[in-house]
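Each value in this text was obtained by applying a stated rule to the coordinates, not by laboratory testing. Keep in mind it's a predicted model, so treat the numbers as computed, not measured. Note that each Cβ is placed from the backbone with ideal geometry, even for glycine, and that neighbours are counted across all protein chains shown.
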Amino acid sequence: MLFFVFIVLLVSCKEVVQTATTLSRATEEEAPMVVEGSYFSLDKDAVSIYLPDTFEKYTISEYAYEAKQLNDSITDPFIALFTNLRDNLKGNFYLLYDKENYSFCAVNSIPYFDFKRQDAKYMLAMIRKNQQDASGPDLFFEKQTAKYSATDDVKIFKAVFKLSNFEETLMNYRHIYLISTRNNQTFQFIFNTPFEADFDPFISRMKI
């Protein structure tokens, strides 16, 4: 089943947490996420997404260059994640990077599949298991949010997880959205941030 394919790609969480928080250590104050933003065209899929102005479109090679400038001695595990998403999912891949906040939004269009409210519990269980398996024994894994919502135009399943070490000196948030539209399109959004954020206001302004 397609669902298993893209969940398997959400791996190497331990390394991802360490890299993101090496760049931005957990601060005493939570970083704010403003609602103001801009539209970015997913041109191969005739869709526009709305994100904070601090995000910019990147290629994987452009991101790799930025990561190398930040720390030449670390092989950034996000690069492997992006490459796997691009090469192993049947659909288009888009990368948007927030250099200011060391955050990214990776978007894949994937073959259409429908899901209903009764599927949400199963979907969350699969995501949780794979996240726990990938996080390793040195990190604490905690679900923050999981919810299903639907309108006549779109169905959305959202799961948010926090990964941290037990001293909480390293912290990372992973926001996963699965979105199916009235036009028989399905998208996977993966936001990764070193602070807790709410991307729902941006997802709700997606133009399909």
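Key figures for this structure:
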item	result
Around Tyr50: net Lys/Arg minus Asp/Glu count, Cβ-Cβ under 12 Å	-1
Estimated FRET transfer efficiency (Tyr65, Tyr122; beta-carbon r; R0 45 Å; 0.05)	0.65
Inter-label distance for Phe140 and Lys99, nm, one decimal - labels placed 7 Å from Cα along Cα-to-Cβ	3.5 nm
Gain on full stretching of the segment that runs from Lys129 to Asp43 - 0.36 nm per residue minus C-alpha separation	27.6 nm
Karplus-derived HN-Hα couplings along segment 110-118 (A = 6.51, B = -1.76, C = 1.60, θ = phi - 60°), whole Hz, x at Gly and Pro	10, x, 4, 9, 9, 9, 10, 4, 5
Under 28 Å from the Cα of Lys68 - lysines, other chains or at least 8 residues apart	Lys14, Lys57, Lys99, Lys162
log10 of Debye I(q)/I(0), alpha-carbon scatterers only, for segment 35-204 at 0.09, 0.12 Å⁻¹	-0.31, -0.57
Calculated from backbone phi, Karplus (6.51, -1.76, 1.60) coupling profile of segment 36-41 in Hz, x at Gly/Pro	5, x, 9, 8, 10, 7
Within segment 91-133: backbone nitrogen closer than 20 Å to the Lys57 label point (7 Å, Cα to C-beta)	91-100, 103-110
Residue-by-residue Karplus 3J(HN,Hα) for segment 144-153, coefficients 6.51, -1.76, 1.60, Hz, glycine and proline x	9, 8, 8, 7, 10, 9, 8, 10, 5, 9
Equivalent ellipsoid semi-axes, segment 145-208, via Cα gyration tensor eigenvalues times 5, rooted, Å	27, 10, 9
